[in-house]
Structures are given as C-alpha cells and as structure tokens.
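The values are calculated or read from the model by the stated rules, or taken from the named source; none is laboratory data. This structure is a prediction, so every number in the text was calculated from the model and none was measured. Here Cβ is always computed from backbone atoms with ideal geometry, including for glycine, and neighbour counts include all displayed protein chains.
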Amino acid sequence: MKRVPHWRRHLGWLWLSLMSFTLLVLLIAYQTRWVYPEIHAYFSQAGNLTGQQLATRSRDYLQKSLDLLLVEPVDEESRHQAHFQLELAYSLFDIGLYRNEYSCTRPSLEALDAMKLQLRSGARVLPEDLRHGLLDPIRCLTEIEMHQLDRRSSVTAAFVEDTRRHQGQVLMGSVVIFFLGLVFWWMHERHRRRAEHATRESLEWMARALSDPLTGVGNRSALHQDVLSCVGQPKGLILVDIDYFKQYNDRLGHPDGDKLLRHLALLIDEALDGQARLYRMGGDEFAALLDCADDDVLAGHCERLVGGLREAALPHPDHPGAAIVTFSVGAARFTAGQTAFDAGYAAADQALYRVKAGGRDGWQVAQVQEVADSSNLNLESS
Amino acid sequence: MSSSRSYIHLAAWLAAGLMLSSPVAAVSHDRLVLQHKGEEILLNLDELREQADVEFSFYDPYLTEEVEIRGLVFRDLLMAHLGGVPETLHFYAWDDYDVALGGWDDDNWILVTHHDGEPLSLRERGPVRLVERDYGNRDTSSLRNFNDWVWMIKRIESVP
C-alpha cells in the first residue's frame, strides 16, 4: 500500500481548515449580500406601486368622489371631477386578485360603471344612487383592505419566522464551521509539531550515528558522508595512529587509554589550527580531512601535526624506544568522490604503514596521480 | 303630429350631442408629455396608438388573465424623441402617483397603448402604461414583483 507522505497529511488538515474558514466567509457574504437585501425589499415597499394597498387608494378616490357629490349644488365641474375620481378608483379596483377572491368586487365595479354613466348623462344623483353606487363599493374595498391587511400580517409573521429560523440555521452553521476550522487547524498544528519533532529527532540520531561517542569527533561513516558532500573538491586525508597503544592500555588500563584518545583528538585539532574535520576510524586510528590542493601544503600539515604531538610529550611508560607517546602519520591527496576517496584512503594507509615499517614516530605523504574520480588511479608512494 | 315627432327627434339628437360633448365626457388624456433638458415634447396619444407596432399576448399579473397587448418599445420611443435613453426617468401619473426609476435601456419595456384590441383609458390604467414583455419566472401571485410597472402615465421627465 502506498504510504502518504507526512507533509501531505498535515497539508490536508491545513486545506480543510482554510476551506472551513473560506466557507464561513462565504456564508457571511451570502447572508449580507443576498438575504438582508431580500428582507429589505420585502419590507421597504413604501412609495412604490404596491406600497400602499390598491384597495386603499381606490377607496380614497371613491371618498373624494362622494365628497364632491354630497356638496350642493352639484354642478358640471363637480360631476366632471367626481367622474374623474371614479375612473381612477375603478382602475385601481379592477384587479384580478380582488375579482377572484372577493365576491363583492364585480357588483361594485358594475355599480361604479352605472354611477359613471349616470354622471355622464347629467341625471340628478340621489342619496339612494350614492349609497348603491359609492358606499357599497367603499364597503367592499374596506373589507378587501382588512382582509389583505390580515393576510399581509400573517405572511409577514411567517416571513419573519422563516427569516429567524434561517438566521438560526446560518448562525449554527457558522459556529459549527468555525469550530471545525479550529479543529482542523489544531490537527494541522499538531501534525506540524509532530513532524518538526520527528525531523529534529532524526537529525539528532543522524548526528549521533555519525559521531564517535568517546571522543566526540566524527566516525568512519561521517568521513564518507563529508567526502561525498563535496564531490570534485581537492582534499587532503591525514591518518594518525598511536604507536604501541596496546602496551599503553596494558600498562595504564583502558580508562587511561580512552583519556589518551580524547586528548589526542584535541591535540590534532589544535595542531591543524581547526582547519580539518576529525574522525575516529576505529581503535587508535584517527583521520583528518581538510581542503588541500598541493602535496607540499599537505606535507606541511603533517610536519606541524607530528611536531605538535611531540611537543605535548605525553608519557608512555611501556614505549620500547621512547618515554613519550609517539605517532605514525600517513597522508594522501585526492579529489572528493567515492572511488578517488577509496584510492586516497588506501594510499594514506600505505604511507602510514611505511612509516610504521620504518620505525614509527614519523610521517609520509603518498603521491597520488589521479584521473578525476575514476578507478584508474596510479598510486605512487614517495 | 309628424312635425312634433320631428321636434322630439331633433331634441333627442341635441340632448345626445350635448351629453357627448359635456365636460364629463370631454375628460381627455390625449397627450403624453416628455421633458428632457428643460424642453417639453408633447406626444399625441392618437399618433402613438397608430405607431404602436408591437403586439403580443401575456399573462397580466394584475388582471390574472391572458391579455392581448399592443404598444411601442419604450427604449425606441425615448431614442426617437430624446436622442438617447436617460439613466433615470421621473414618471408622473394621472392619479398623482410619481416615481423615479432607471434601467430603461432595455427593449423588454413596452409602452402599452392597447389592451385586447382597445385603446387604453384611465379605466384600464391608461392612457399609457409600462409593462415588461418578458418577466421571466417571477412569481405572478406576488404583485410586489411588478411594482415598477408604471400606470396612467401623464408625464415623463429625464432626471439629469
């Protein structure tokens, strides 16, 4: 089964968290941009065509007409004005909704027509005519108004209830989404911290795996890694071996032998002015890796190193040829890379053994002719 | 006898003539006033009715029935008389209703002159009124959705 990378897992939580907060913002935008204008449009009807009930406006015109016809004498101008008001009233009264839902509408419209005809004919308008032609339609319109107001109130109440429920749902949704966002963010943060902790631990383990626990310098693996991290660069490798270290241990004990090793690591570092990285290759053998493009420079380092160690004059009670600890040093140059390193290491080791064979307490630099990091290396020892 | 009958006939015709020419019958709304940049343009409604060249039938939400409509594309009328379509127009109606509205650069708005083949009068919310030829899927049971259909238009002013 394919394993999902750790970073992708915690990126997934981050995405979920960001999506939650984005959804929250969209929800708020929806509420603000669409829902509130809808409420505004619903309740802000004042001043437009249906802002005031058509029935109310129609009734107003009928009442004006009635006013005109009740004032004696009813002259032509009054009849003309009353007729005009009746026309307006009729147009606002003749609405499909009123015709279909209120049975008094059609008789009222017919009564208005009759009243208009009477006004046009010039016939005298009697109280009975006004009662039938105007008061009955006014009563009808009042009934419509009252019913429409009731209906509007119930519709408004339902709308308000719907809106309240909708807002409650949106609020609940917002809270849930917000907390989901927080939870996702917390999951993301937890995974990120875990990943960070794991990375830090890995680095610590890697560092531990690459260092020598006794002396604190690098180990053989560290040397390989360092060499491979600077492929192509000219390097010098110096191998240092303590002469008669077994005898030292046998005489003074391994704890003192360990102290000598730790001391030696410091001495090598000082002698090379901190320019080299040090490694313990195993037992009493150390290696120093430094930038070096010239055999003479490398020879200078070796000379300075051996001189520094002699100056330290560490006592060795069982040394067959001297009273102090002596060292054998072999060195070689190479161009960083796996194959060249192997060759360089072998050359330095051979040089070291030549020093050993020559009586120890000395140094030698192997001359390496190389064809950039290839296996065709010809080693020439000096 | 025959002479008196002739007088009665004459008197009846005179009465009918007087009735038809009385002030009540003479309430005429025969002009539509356009005002643009301080200038008034008087449009004869009979001429507008003759020019009406758009005919269609649609469901009138105010009448709750299918009606035959005839009229003019309002935008074309504005272009023809004002040379353009003002952003906002102020409408004045015969019932003293007035309102300022925008969005007239749209050939969906029809200035209605005839309803079911008859010229509109005040009684049919005329002499001219505005409707949308295609009002989409708006709910026709809610008249609030059609409250920018201006009725009984008497005067239209462009708002600078």
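Observations, loosely collected:
- Looking at A:ARG310, A:ARG280, A:ARG333, just one residue is in contact with a Gly (Cβ under 6 Å, 6 or more places away or on another chain) and of a type in the set (D, E, K, R), and that residue is A:ARG333.
- Helices (runs of 4 or more DSSP H) within the stretch A:17-95 that include 3 or more residues surrounded by 22 or more Cβ atoms within 10 Å (Cβ to Cβ) and either more than 9 Å from chain B (Cβ to nearest Cβ) or at pLDDT 90 or above (or both): A:54-70, A:76-93
Results for (1) loosely packed, with under 15 Cβ neighbours inside 10 Å; (2) of a type in the set (A, V, I, L, M); (3) within 14 Å of chain A (Cβ to nearest Cβ); (4) assigned to a strand (DSSP E or B), shown as yes or no for each residue.
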| residue | (1), (2), (3), (4) |
| --- | --- |
| B:PHE91 | no, no, yes, yes |
| B:TRP104 | no, no, no, no |
| B:ARG123 | no, no, yes, no |
| B:GLU157 | no, no, no, yes |
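- You will find that of A:LEU252, A:LEU228, A:LEU264, A:LEU272, the residue that is at pLDDT below 95 and surrounded by 22 or more Cβ atoms within 10 Å (Cβ to Cβ) is A:LEU264 and no other.
Table: residues versus (1) closer than 19 Å to A:GLY274 by Cα; (2) among the charged types (D, E, K, R); (3) in the same structural domain as A:ASP269 (by TED's automatic domain parsing); (4) not in a loop (DSSP other than H, G, I, E, B).
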site: A:ALA288; (1), (2), (3), (4): yes, no, yes, yes
site: A:LEU305; (1), (2), (3), (4): yes, no, yes, yes
site: A:PHE334; (1), (2), (3), (4): no, no, yes, yes
site: A:ALA343; (1), (2), (3), (4): no, no, yes, yes
site: A:GLY359; (1), (2), (3), (4): no, no, yes, no
site: A:VAL365; (1), (2), (3), (4): no, no, yes, yes
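- Here the stretch B:66-89 is the region considered, the condition is being more than 17 Å from the chain's Cα centre (by Cα) and among the aliphatic types (A, V, I, L, M), and the residue that is nearest to the other protein chains (Cβ to nearest Cβ) is B:VAL85.
- Test: residue in the stretch B:134-144 that is outside any loop (DSSP other than H, G, I, E, B) and under 19 Å from B:ASN44 (Cα atoms): no
- Scanning the stretch B:66-89 for residues that are assigned to a strand (DSSP E or B) and of a type outside the set (D, E, K, R), we see that the one that is surrounded by the fewest Cβ atoms within 10 Å (Cβ to Cβ) is B:THR88.
- Members of the stretch A:80-111 that are touching a residue at least 40 places away in the same chain (Cβ under 8 Å) and among the aliphatic types (A, V, I, L, M): A:ALA89, A:ILE95
- Test: residue in the stretch B:51-65 that is within 14 Å of chain A (Cβ to nearest Cβ), surrounded by 15 or more Cβ atoms within 10 Å (Cβ to Cβ), within 30 Å of A:GLN52 (Cα to Cα) and free of Cβ contacts under 8 Å to residues at least 40 places away in the same chain: yes
- Candidate set: the stretch A:294-342, residues that are of a type in the set (Val, Ile, Thr), under 20 Å from A:GLY358 (Cα atoms) and out of contact with any Cys (no Cβ under 6 Å at 6 or more places or on another chain); chosen: the one surrounded by the most Cβ atoms within 10 Å (Cβ to Cβ): A:VAL325
- Once the stretch A:119-135 is narrowed to residues that are at the interface with chain B (Cβ under 10 Å from one of its Cβ atoms) and assigned to a helix (DSSP H, G or I), the residue that is surrounded by the most Cβ atoms within 10 Å (Cβ to Cβ) is A:LEU119.
- Residue in the stretch B:127-137 that is buried (at least 18 other Cβ atoms within 10 Å of the Cβ) and without any contact (Cβ under 8 Å) to a residue 60 or more places away in the chain present: yes
- Restricted to the stretch A:102-118, and to residues there that are away from every other protein chain (no Cβ under 14 Å) and assigned to a loop (DSSP other than H, G, I, E, B), the residue that is surrounded by the most Cβ atoms within 10 Å (Cβ to Cβ) is A:CYS104.
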